[in-house]
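Okay, so here's the structure we're looking at.
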Amino acid sequence: MTTLQNLSVAQLREVVAIKEQIEKLQSELDAVAGGGAAAPAHRAEAPARRKKRRMSRAARARIGAAQRARWAKVRRHAAKAAAPVKKKRKVSAAARAKLAAIAKARWAKVKAAGKTTL
C-alpha cells in the first residue's frame, strides 16, 4: 500500500471521494441494521468494560492446597537428594584432659629449647 505522501493531488481527491462514499454507505447500513438514527462514523465506540472476576473461598482453598502439596513434594525430593549431615563428634572430658597434657608437655619442651614457635 502506498503512503499518502507519494500520491498526486488528483489521486488524493479520488481517495477522499471514495472515503466519503464508504462513510455514507456505512451510515445507511447502520440505520437499516440498527433501526434508528445512524451514529457518527468518526466517533469510535468505547470498549466494553469487563467485570472483575471473583473467586470463591472454596476455589481459593483448593488452589492453596494444591500449591502446598506441590511444595511438599519439592521439599521431600530435596531432602532425599541432600547429603546426610554428619554429627559432630564429641570428645570426652578424660580425652580432652589427656590431649591438653600432651600439648602442655610439647610447649614446655619447645620453651626449654628457647624457641617461641613450634
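The values are calculated or read from the model by the stated rules, or taken from the named source; none is laboratory data. Because the structure is predicted, anything quoted here is derived from the model rather than measured. Ideal geometry is used to build each Cβ from the backbone, glycine not excepted, and the neighbour counts take in all protein chains shown.
Of the residues making up the stretch 45-97, those that are among the basic types (Lys, Arg) and not in a loop (DSSP other than H, G, I, E, B) are Arg57, Arg60, Arg62, Arg68, Arg70, Lys73, Arg75, Arg76, Lys80, Arg96. Kindly indicate whether Ala41 is in contact with a helix residue (DSSP H, G or I) (Cβ under 9 Å, 6 or more places away or on another chain) and at pLDDT below 90. The answer is yes for Ala41.
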